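K.L.:
First, the structure itself, so that you have it in front of you.
The values are calculated or read from the model by the stated rules, or taken from the named source; none is laboratory data. The structure displayed is predicted, hence computed values, not measured ones. As a convention, Cβ positions derive from the backbone with ideal geometry for all residues, glycine included, and neighbour counts pool all protein chains shown.
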Amino acid sequence: MSNSDPTSFLNRCRRSRSFLIGGVMTGFLLLCAAISLFWTPGSAYDIVIPDRFLPPSAEHWLGTDQFGRDIVSMLMTGTQNSIAVAVVAVSIGLIIGVSLGLLAAAKRGWTEEFIMRISDFSFAFPAILSAIMITAILGPGGVNSILAIGLYNIPVFARLTRGSANAIWAREFVLAARAAGKGKFRITFEHILPNVLSIIIVQATILFAIAILAEAALSYLGLGTQPPHPSWGRMLNEAQSLIFLDPWQAVFPGLAIATAVFGLNLLGDGLRDVLDPRLSRKR
Amino acid sequence: MSIFIAKRLLTLIATLIGASMVIFLVMEILPGDPALVILGVEATDEMVAALTKELGLDRPAPERYWTWISGLLQGEMGTSYAYKVPVWELVEGALWITIPLAIMSIILSIILALIIGLYAAAHHNKAGDVALMGFSQLGISVPNFWLALLLILLFSIQLRWFPAGGFPGWNEGFFVCIVALLLPAISLATVVGAILARITRSSVLEVYREDYVRTARSKGLSQRATLWLHVLRNALIPVLTVTGIQFSALLTGTVVVENVFHIPGLGSLVLKAINNRDTIVVENVVLLLATMVIMTNFVVDILYAVVDPRLKAHDI
Amino acid sequence: MTLLDVQDLTITLATAEGPARAVRDLSFSLERGETLGIVGESGCGKSMTALALMSLLPERSNTEGKILLESEDLLRFSEKDLCNIRGNRMAMIFQEPMTSLNPVHTIGHQVMEPLRLHKGLDKDAAHAEALRLLDRVGIPNPKARIRNYPHQLSGGQRQRVMIALALSCGPDILIADEPTTALDVTIQDQILELIQNLVSEDGMALILISHDLGVISENTDKVLVMYGGSAVETGRTDKIFGELTHPYTLGLFAAMPKLGMGRNARLATIPGVVPDLMNLPAGCTFFDRCPLASDHCRDASPPVHVLNPDHAVACHNIDDARGKKSEELYL
């Protein structure tokens, strides 16, 4: 396996432009979130009415909003929210979905059939739709939007894992392991999981981007993160009613979302090149 | 072919039943009493009990599920808790906006995808290709509701070419309605079009490497004729798959974008219903949207068989 | 007038690692009704030559020299004029019948396409002609088969369809690039015989490309042995097989299974691999694998020795090579 050769792995990292640019952009995103935990240039929460609608200045780099809150600070703090929602939602999908996929591939038979048919149904409910259903009953809120996006991610991971795992189960080295008397559980963790991991990592990166988009959409609709926590989607929602007064407020949060998603998508593409050169050739 | 369609039809019905059960169960399992919601916190226990009986919520779940489904089959969706009018009346008006919007968007995105994808494939690795693929990567990353806001900023506020929102109603004339739906359709089609353009490009490039393309050229077909008669139909097969998947993303996208433009479609309806705790409307609209997604996948399956004769043979 | 006259054909491919010379200074000619065999290992430039004749080389390539079809140079033709030649006056059969037919069109549609394009036949006339052609290439029950898709046919039948398609407009020249390599051994002879019969019935010229010396010896009037992009031995088939001379040709012969060899006999092989087209040696391209190689083979291109009007060999050590038997050079 060429994957295990560290020098060629690093070389591929260095050569993949998508990986480098996407990595830097994602790194910047994480950095913003980390810094905002203990420092922001202004306050993302304090309402200072005399300071409302200030133009960009040395003190307020992108100006202030209708309540006098500092926009850069709100954007930076919003990064935390987006990342937190995406991490939890993707983790839910990852842990449950990958387990179900591995189980389906290991057990086959009606277990597999059952898991796959259930995931077929859930494909009729994209993230926003399931979020609407869940918030209709539980009420809007950050946690509920995480739950909705996470639920949507489960069948995506389950299908991908099961498909790739089935291919590995058919390989000779797995047959050899079975012939040596190893149990299905042990084979799954020793042989199947390590071999499907790279494809899962790539998918997780892309779903991370989709989760950020979905969270922003839900918050924009008022179904996601609730005030006063700054979130990019909510900022856009508030900006829309002020679009005649202060059009720039509608630009920056969207730019932040687009940058984050663009970086993650590039990183996903790059990871595909880096982790599995065979996959990238197909595209 | 008829066996193939019959098989797919059975799957379609099974999926629809499954989806309706999922929706019913979710509404059932999750906490929240509609009667309490309608009457508010000051309601006495007697009032709640009376309304529960009136709404039929005291009957067992399988019976209520059956009442809902058999009602649906007769075009009955029950009565809205909030507006006290038949749900179908609310839904019907909204459908006439959401479906045209979705169709406009998917047509726009397919046109966009074919033009960009074919151009990029024809100029493989040249400046035009690299620039277009860069743009499409950007297009995929842009949230559709933000794009909608930017379009409003540019075309409605700065240039004043289009209305900033609202929908005049179909009796005001076909043209004004199409104009009103144009900006929403563009904001939905950009993202989906960008995804489809990338698929189209890579798919066309892949087919160009096939032996039968060389055969077509060796017959004396020109580059252009080869593209239209031999490459495109084969290249469309993966594009079709992704279009099917993207249509569901597009439908849910309408929910968001309708709210940006204040268009009274299904998306606005469902959001208002959530704010009013009008669960019966939510339940029916979600089922309707899910049905549209399932139906799209069914149509895509059938189209597959039309485009790719190998599939037909496989299933018979 | 000579039907096809190729003069100093040189093909350079642009690759990621730099230009690769796939064919160098290749010249040959072909008369109406004549059959030419081009033989050599894979990577020697046979297929490139065939594609160059059809002007179907990849875009990132450069072709020099002359390809004269009845004294008109195809390399100077516009793309539009070339489209009128392809499938009409020159047609080609490819190696892979499994992938050479478009999976989404019926075989009838694909056979009718050149008829409608070049002969201007209407749908009914083209359909009738396609039926006749399918019958002629030995497709059983063509009336039913004409509506079939490629995946419903076996490999041998698909190759018959490819032949019908190539012959549809009655070309002057048919190019068959390894037409039987991908087929079962039992079907190979049938297909070759079919091609042979159809070519002689219609009086067309055939260029048969193969790596198999046996196929070439049985089916051709003239032979061109290629190695590393250039011709090493040319001439009339009977003359060449009467006196195999070039060390490479001898090697090909030694590597061929012969009747009555006995099952334990080892086939001889030519040591080494085909040369890297990126770094061809200055002299003879066969230099590093040749059992007779001497120092000047490396430095200078081999001269062409005309043994008799119908047999020419490009080799420095022609006197050593002449009269050697293949088993003396290769073991």
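K.L.:
Please find, among B:GLY93, B:GLY128, the residue that is part of a helix (DSSP H, G or I), more than 14 Å from chain A (Cβ to nearest Cβ) and farther than 23 Å from B:ILE178 by Cβ.
P.N.:
Criteria check complete, one pass: B:GLY128.
K.L.:
Given B:ASN284, B:ASN234, B:ASN297, B:ASN259, which one is in contact (Cβ under 8 Å) with a residue 24 or more places away in the chain and within 13 Å of the chain's Cα centre (by Cα)?
P.N.:
B:ASN297
K.L.:
Scan the range A:257-266 and tell me whether some residue there is at pLDDT below 85, more than 30 Å from B:ALA273 (Cβ to Cβ) and assigned to a helix (DSSP H, G or I).
P.N.:
Within the range A:257-266, not a single residue is at pLDDT below 85, more than 30 Å from B:ALA273 (Cβ to Cβ) and assigned to a helix (DSSP H, G or I).
K.L.:
Check B:LEU154, B:LEU108 and return the single one that is closer than 30 Å to B:GLY267 by Cα, at pLDDT below 90 and of a type outside the set (Gly, Ala, Ser).
P.N.:
Residue meeting the stated conditions: B:LEU154.
K.L.:
Which fully enclosed helices (runs of 4 or more DSSP H) of the range C:82-154 have 3 or more residues being surrounded by fewer than 22 Cβ atoms within 10 Å (Cβ to Cβ) and touching a helix residue (DSSP H, G or I) at 6+ places or on another chain (Cβ under 6 Å)? It would help to see each step written out before you state the result.
P.N.:
Details: elements: C:107-118, C:123-136, C:142-145.
Filter on the range C:82-154 gives C:123-136.
K.L.:
Out of the residues in the range B:244-279 meeting the condition of being at pLDDT 85 or above and of a type in the set (S, T, N, Q), tell me which one is surrounded by the fewest Cβ atoms within 10 Å (Cβ to Cβ).
P.N.:
Top of the filtered list is B:SER268.
K.L.:
Look at the range B:262-307 and say how many of its residues are facing chain A (nearest Cβ under 9 Å) and among the charged types (D, E, K, R).
P.N.:
Going through the range B:262-307 one residue at a time, the tally reaches 3.
K.L.:
Follow-up. Condition test on B:ALA121, is it part of a helix (DSSP H, G or I) and over 30 Å from B:VAL176 (Cβ atoms)?
P.N.:
Spelling it out, B:ALA121 is indeed part of a helix (DSSP H, G or I) and over 30 Å from B:VAL176 (Cβ atoms).
K.L.:
Any residue in the range C:308-331 that is at negative phi and at pLDDT 85 or above sitting within a Cβ distance under 6 Å of a residue that is part of a loop (DSSP other than H, G, I, E, B) and surrounded by 14 or more Cβ atoms within 10 Å (Cβ to Cβ)? List the pairs, counting only those 6 or more apart or interchain.
P.N.:
From the range C:308-331, the pairs are C:VAL313/C:THR245; C:VAL313/C:HIS246; C:ALA314/C:PRO302; C:CYS315/C:HIS246; C:CYS315/C:PRO302; C:HIS316/C:PRO302.
K.L.:
Continuing with this model, one more query. Of C:GLY251, C:GLY235, C:GLY214, which residue is outside any helix (DSSP H, G or I) and either in contact (Cβ under 8 Å) with a residue 12 or more places away in the chain or among the hydrophobic types (A, V, I, L, M, F, W, C) (or both)?
P.N.:
On inspection, the qualifying residue turns out to be C:GLY235.
K.L.:
Take the conditions more than 30 Å from B:SER156 (Cα to Cα) and crowded, with 22+ Cβ neighbours inside 10 Å and apply them to B:VAL282. Does it pass?
P.N.:
In short, yes.
K.L.:
Also, quick follow-up: Between B:ALA43, B:ALA102, which is assigned to a helix (DSSP H, G or I) and small (Gly, Ala, Ser)?
P.N.:
Result: B:ALA102 is the single residue among B:ALA43, B:ALA102 that is assigned to a helix (DSSP H, G or I) and small (Gly, Ala, Ser).
K.L.:
Give the number of residues within the range C:62-119 that are over 22 Å from the mean Cα position of the chain (by Cα), over 23 Å from B:PRO309 (Cβ atoms) and in contact (Cβ under 8 Å) with a residue 40 or more places away in the chain.
P.N.:
2
K.L.:
OK, next. Tell me, yes or no, whether the range A:71-80 has at least one residue that is within 14 Å of chain B (Cβ to nearest Cβ), part of a helix (DSSP H, G or I), without any contact (Cβ under 8 Å) to a residue 40 or more places away in the chain and out of contact with any strand residue (DSSP E or B) (no Cβ under 7 Å at 6 or more places or on another chain).
P.N.:
No, the range A:71-80 contains no residue that is within 14 Å of chain B (Cβ to nearest Cβ), part of a helix (DSSP H, G or I), without any contact (Cβ under 8 Å) to a residue 40 or more places away in the chain and out of contact with any strand residue (DSSP E or B) (no Cβ under 7 Å at 6 or more places or on another chain).
K.L.:
Would you list the helices (runs of 4 or more DSSP H) that sit entirely within the range B:144-254 and hold 2 or more residues that are away from every other protein chain (no Cβ under 12 Å), within 30 Å of C:SER78 (Cβ to Cβ) and not charged (D, E, K, R)?
P.N.:
Hits in the range B:144-254: B:174-208.
K.L.:
Right, something else. Of the numbered conditions (1) over 20 Å from the mean Cα position of the chain (by Cα); (2) under 30 Å from A:PHE28 (Cα atoms); (3) modelled with pLDDT of 75 or more; (4) among the small types (Gly, Ala, Ser), A:GLY68 fails exactly one; give the number of that condition.
P.N.:
Unmet condition: (3).
K.L.:
Under 8 Å between Cβ atoms, at least 6 apart or on separate chains: pull out the pairs that start in the range C:271-288 with a residue that is closer than 13 Å to C:CYS44 by Cβ and touching a residue at least 60 places away in the same chain (Cβ under 8 Å) and end on any residue that is crowded, with 16+ Cβ neighbours inside 10 Å and basic (Lys, Arg).
P.N.:
Note: pairs meeting the criteria are C:LEU277/C:ARG21; C:LEU280/C:ARG21; C:LEU280/C:ARG24.
K.L.:
Does A:ALA136 meet the test of being within 12 Å of chain B (Cβ to nearest Cβ), part of a helix (DSSP H, G or I) and at pLDDT below 85?
P.N.:
yes
K.L.:
Which of the residues belonging to the range C:104-154 are more than 20 Å from B:ARG217 (Cβ to Cβ) and among the basic types (Lys, Arg)?
P.N.:
Hits for the range C:104-154 are C:LYS123, C:ARG132, C:ARG136, C:LYS143, C:ARG145, C:ARG147.
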